[in-house]
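**Q** Here you go, one structure.
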Amino acid sequence: MTAYGKTLLVTETPIPGLVVFDLPVHGDARGWFKENWQREKMTTLGLPDFRPVQNNISFNDAVGTTRGIHAEPWDKWVSVATGRIFGAWVDLREGPTFGAVYTTELDPSKAIFVPRGVGNSYQTLEPDTAYTYLVNDHWSPTAEYSFLNLADETVAIEWPIPLDQVQISEKDLSHPRLADVTPIGPKRILVTGANGQLGRALRDQLGDAPHIEYATRDTLDLTGRDLNTARRWRDYGTIINAAAYTSVDTAETPTGAARRGPRTSQPSPPSHGSRPRTASPSSTSPATTSTTGPPTGPTPRPTRSLRSVSTGKPKPPATPSSPPSRATTSCEPAG
């Protein structure tokens, strides 16, 4: 039975980023009402502002319907509209918590935020259970997915109903054991201007990890009309814009001045109490910025000298657009 009268409350789990929310449900003889996702209240409590773009519902007729374990390259807000589930989540991301497990029951008074790369699975405990989830990306056949077998002996999930007594799809039955799972790597990092002085220095520092891409003027035209579709921008968590004129020795000479054009006025300093915009520090890069859209870096001949060039957050494009949606007919619902 759905619990009424809870206070909106967040609980952390042993899996980084996986957080559980108690939801206030208001009920009487007619039924009940709840705010299933409320951006302002929940982000205040620490929920990432993950900007969902799609809502999915998986309806399950019978008790014991079991689905998973699926890890996708997007974030999910998982809840139950009717019925009750036993949920199991396994960290399938690269890193020290790979293989960590968390389990709990969800009814309409409880929801969970599942970050990108954490495997999701559930088993229904009541008939006519409606499992619903918000996601912040559209399904794509070229995206990176990972799967784990529901019966994996290493993570050893204690299912309430034994798996040999429940309904599982053939596809889920064929998923690999943990030792054979390909972990989901971090979001991609894009470095523009990779052939320039700063770009080469960044490559020396960051190295050639698989999730780091170095773009030159030949491989990514920041002034091109097709910039919005030049990459699947949701796959990138960080863009380092090093595409600028960085000839330090000549920047202030007559030749450098001619190339940069007339000097523009400098921005006013921030007023007392305000915080200047700065690049986000990280352990792997000297200047980074998070983004969900394409960079709009300076043209090959910027109008400001090196002293005013910033590697901070690039301005968003004038008319941003998301990658085209893909049909979901070949993507199994659930988890």
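The values are calculated or read from the model by the stated rules, or taken from the named source; none is laboratory data. Worth saying up front: this structure is predicted, and the values here are computed from it rather than measured. Cβ sites come from the backbone with ideal geometry, for glycine too, and all protein chains shown count toward neighbours.
**Q** Is region 144-154 home to any residue that is in a strand (DSSP E or B), among the hydroxyl-bearing types (S, T, Y), surrounded by fewer than 16 Cβ atoms within 10 Å (Cβ to Cβ) and modelled with pLDDT of 95 or more?
**A** no
**Q** Can you report the number of residues in region 70-96 which are buried (at least 17 other Cβ atoms within 10 Å of the Cβ) and either touching a His at 6+ places or on another chain (Cβ under 6 Å) or part of a loop (DSSP other than H, G, I, E, B) (or both)?
**A** So the answer is 7.
**Q** In region 222-229, is there at least one residue being closer than 16 Å to A143 by Cα, part of a loop (DSSP other than H, G, I, E, B), under 23 Å from the mean Cα position of the chain (by Cα) and touching a residue at least 12 places away in the same chain (Cβ under 8 Å)?
**A** Within region 222-229, none of the residues are closer than 16 Å to A143 by Cα, part of a loop (DSSP other than H, G, I, E, B), under 23 Å from the mean Cα position of the chain (by Cα) and touching a residue at least 12 places away in the same chain (Cβ under 8 Å).
**Q** Continuing with the same structure: Considering each of D164, D218 in turn, give the residue that is more than 27 Å from the chain's Cα centre (by Cα), exposed (fewer than 15 other Cβ atoms within 10 Å of the Cβ) and not in a loop (DSSP other than H, G, I, E, B).
**A** It is D164.
**Q** L190 fails exactly one of the following numbered conditions: (1) buried (at least 17 other Cβ atoms within 10 Å of the Cβ); (2) among the hydrophobic types (A, V, I, L, M, F, W, C); (3) touching a Ser or Thr at 6+ places or on another chain (Cβ under 9 Å); (4) not in a strand (DSSP E or B). What is the number of that condition?
**A** (4)
**Q** Are any residues in region 49-99 under 22 Å from the mean Cα position of the chain (by Cα) and of a type in the set (F, W, Y), and if so, which ones?
**A** Listed by number, the residues that qualify are F50, W74, W77, W89, F98.
**Q** Of all the residues that make up region 217-252, how many are out of contact with any Ser or Thr (no Cβ under 9 Å at 6 or more places or on another chain), modelled with pLDDT of 90 or more and of a type in the set (S, T, Y)?
**A** Going through region 217-252 one residue at a time, the tally reaches 1.
**Q** Go over the candidates T142, T154 one by one and state the one that is hydroxyl-bearing (S, T, Y), out of contact with any Phe, Trp or Tyr (no Cβ under 7 Å at 6 or more places or on another chain) and over 20 Å from H211 (Cα atoms).
**A** Testing whether each residue is hydroxyl-bearing (S, T, Y), out of contact with any Phe, Trp or Tyr (no Cβ under 7 Å at 6 or more places or on another chain) and over 20 Å from H211 (Cα atoms) leaves just T154.
**Q** Could you list, ordered by first residue, the pairs with Cβ atoms under 8 Å in which the first is in region 72-95 and touching a residue at least 24 places away in the same chain (Cβ under 8 Å) and on the phi > 0 side of the Ramachandran plot and the second is surrounded by fewer than 22 Cβ atoms within 10 Å (Cβ to Cβ) and hydrophobic (A, V, I, L, M, F, W, C), at least 6 apart or interchain?
**A** G83/L125; G83/A130
**Q** Working carefully through the options A194, A215, A244, A151, find the one that is more than 22 Å from T66 (Cα to Cα) and without any contact (Cβ under 8 Å) to a residue 40 or more places away in the chain.
**A** A215
**Q** So in region 206-215, with the set limited to residues that are crowded, with 17+ Cβ neighbours inside 10 Å and within 20 Å of the chain's Cα centre (by Cα), which one is nearest to A194 (Cα to Cα)?
**A** Only one residue tops the list, namely E213.
**Q** Among the residues of region 157-172, is there at least one that is at positive phi and touching a residue at least 40 places away in the same chain (Cβ under 8 Å)?
**A** Checked against the condition, which is being at positive phi and touching a residue at least 40 places away in the same chain (Cβ under 8 Å), region 157-172 yields no hits at all.
**Q** Just checking, how many residues over region 27-69 are of a type in the set (A, V, I, L, M), part of a loop (DSSP other than H, G, I, E, B) and surrounded by fewer than 16 Cβ atoms within 10 Å (Cβ to Cβ)?
**A** Residues in region 27-69 being of a type in the set (A, V, I, L, M), part of a loop (DSSP other than H, G, I, E, B) and surrounded by fewer than 16 Cβ atoms within 10 Å (Cβ to Cβ): 4 in total.
**Q** For D137, only one of the following conditions fails: (1) crowded, with 17+ Cβ neighbours inside 10 Å; (2) farther than 30 Å from V53 by Cβ. What is its number?
**A** Every listed condition holds for D137 apart from (2).
**Q** Same structure again: Could you check I157 against (1) surrounded by fewer than 18 Cβ atoms within 10 Å (Cβ to Cβ); (2) of a type in the set (V, I, T); (3) touching a Ser or Thr at 6+ places or on another chain (Cβ under 8 Å); (4) modelled with pLDDT of 95 or more and say which number it fails?
**A** (1)
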